[in-house]
Amino acid sequence: MGAHVLIAGKRRERWAAPESFRMLMRGKRILGGGPRQGMKAVLQRVLRASVTVDDRIVGEIGCGLLVLLCAEPGDGDKEAAYLAGKVARMRIFADDSGKFNRSLLDVEGGALVISQFTLTADWRRGNRPSFSGAATPESAIPLYEGFCGHLRALGVAVQMGEFATHMEVALINDGPVTIWMDTRDR
């Protein structure tokens, strides 16, 4: 039996929310009984960007988007395809009147995609962030490559960094315009 409350002098039974509803209200999304993961991306509109590994440029674009990409456990090709479509079609480039009405496809811009497991950083405890929320390299590499493949299939010129290496990323931010995306927020 639920708790009782006194309303206008009458005793009424109070509704008790199920645990899944309470977790959702506390910000914990539910899927299959546990917290739901999502592929994450940070988009930065750039005039140009490049990535260097061991003093050699391995990827470089002119006008377009620098995409920092992170896969989490449970992510699959469905999330990679969805996110690639959103990135390619996100209208964050100005039209002739200065409004955000053009997409990466519209401006024929490039995408420099960098694998960035640190987007899963859990900084709430202590002073050293935990990255345990990131997908393992065995599952993240195919998702990273798949995301880039989906972008290419949509007509975007894609350049990539090198997975699991120290990279130096240089960019000239345009705006700045920076967008955070997470597939669990759709």
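Each reported figure results from applying straightforward, stated rules to the coordinates on display, with no laboratory input. It should be emphasised that the depicted structure is a prediction, and the values quoted were computed from it without experimental measurement. Because the Cβ atoms are built from the backbone with ideal geometry, glycine has one as well, and the counts that use them run over all protein chains shown.
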Once both label points are put 7 Å beyond Cα along the C-beta direction, the residue 54-residue 185 separation in nm becomes 3.7 nm
Distribution output for the stretch 53-163: share of Cα-Cα pairs per 10 Å bin in percent, first bin at 0, values 14, 39, 31, 14, 2
Here, trypsin sites (Lys or Arg not before Pro) of the stretch 53-110 satisfying both criteria (DSSP loop; at most 14 other Cβ within 10 Å) are 91, 99
Any trypsin sites (Lys or Arg not before Pro) in the stretch 105-164 that lie in a DSSP loop and have at most 10 other Cβ atoms within 10 Å would be 124, 125
Placing +1 on each Lys and Arg Cβ and -1 on each Asp and Glu Cβ in the stretch 37-185, then taking the dipole about the Cα centre, the residue among 110, 134, 62 whose Cα reaches farthest towards the positive end is 134
Most exposed to least, judged by fewest other Cβ atoms within 10 Å, 183, 52 sort to 52, 183
Taking a straight Cα-to-Cα line shorter than 15 Å from residue 40, and setting aside same-chain aspartates and glutamates fewer than 8 residues away, one finds 72, 75, 77, 79, 122, 145, 182, 185
